[in-house]
Amino acid sequence: MRVSGVDEDALTAALGSDPVPEDVVVALARAKAEAVLTEFDDALVVGCDSMLSIGDELQGKPHSVEVARRRWAAMAGTSGDLLTGHAVVRVVDGRSVAVAVGCSSTRVHFSEPSSADLEAYLASGEPLSVAGAFTLDGLGGWFVDRIEGDPSSVIGIGLPLVRRLLAEVGTSLSELWADSGNQ
């Protein structure tokens, strides 16, 4: 795993004043994959980015307790769409030879945490660095009533979509697993 260092806020701002939410997460995923390509001679690079679309707002990482608290006040007892952009890039001899991109959407239904539970969650720090100020596979999962769609995309990498994108760049799971020695 590599951290790309992509400035998510700057890239999002460069997309204009009213970009399509799915285009935002796909652009971020692609930028993250492309930012680390030079580190590899022969590889498959997968870039991902998620944001929560709730109401008319696209939410990334809140970065502060105050922002996370405001977001939870707006999303408690409601539903939103967790959008996860994916980019798969095939690198051969240090250069990109094939790219496939896509977006998965999963509907998330949130509970209404008590004030004490929400404050404890905020104090944990977990919601500060994740899209939508929640996780499904961590403490935030306690506040998710249900989801409609792919749970793996909410966790960060949508396996069904990535499987399809791998095929678009000419790789099957059996090849991938054989190359990694996990077959």
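Here are the numbers for this structure:
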item: For segment 81-183, accessible area per residue (1.4 Å probe, heavy atoms of protein chains only), Å²; result: 50 Å²
item: Projected area, mean over directions - segment 114-173, Cα convex hull, nm²; result: 5.1 nm²
item: Charge tally in the Cβ shell below 13 Å around Ser64, where Lys, Arg are +1 and Asp, Glu are -1, Ser64 excluded; result: +3
item: Electrostatic dipole magnitude of segment 71-117 [Cβ: Lys, Arg +1; Asp, Glu -1; Cα centre; debye, to 20]; result: 240 debye
item: Positive minus negative residues near Val45 (Lys, Arg vs Asp, Glu; Cβ under 10 Å); result: +1
item: Overall dimensions of the chain by Cα: Rg and Dmax, Å; result: 17.3, 54
item: Accessible-area value, His63, 1.4 Å probe, nucleic acids and ligands omitted, Å²; result: 130 Å²
item: Nearest-20 debye value, segment 1-127 charge dipole, Cβ charges on Lys, Arg, Asp, Glu; result: 140 debye
item: Segment 1-54: Rg to Rh, with Rh as the Kirkwood radius over Cα pairs; result: 1.01
item: Mean Cβ count within 10 Å, highest first, over the residues of peptides 69-82, 12-25; result: 69-82, 12-25
item: Length-normalised contact order of the chain in % [C-alpha pairs under 8 Å, at least 6 apart]; result: 22 percent
item: Cβ-based net charge around Val162, under 15 Å, with every Lys or Arg adding one and every Asp or Glu removing one; result: +1
item: Heavy-atom accessible surface of segment 44-127: percent carbon and sulfur, 1.4 Å; result: 46 percent
item: Ile147 - accessible surface, heavy atoms, 1.4 Å probe, Å² rounded to 10; result: 50 Å²
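The values are calculated or read from the model by the stated rules, or taken from the named source; none is laboratory data. Quick caveat: nothing in here was measured; it's all calculated off a predicted structure. Methodologically, a virtual Cβ is constructed for each residue, glycine included, from the backbone with ideal geometry; neighbour enumeration extends over all protein chains shown. Accessible surface is based on the protein model in full, side chains and every heavy atom, while ligands, DNA and RNA are left aside. Shrake-Rupley method; radii C 1.70, N 1.55, O 1.52, S 1.80 Å.
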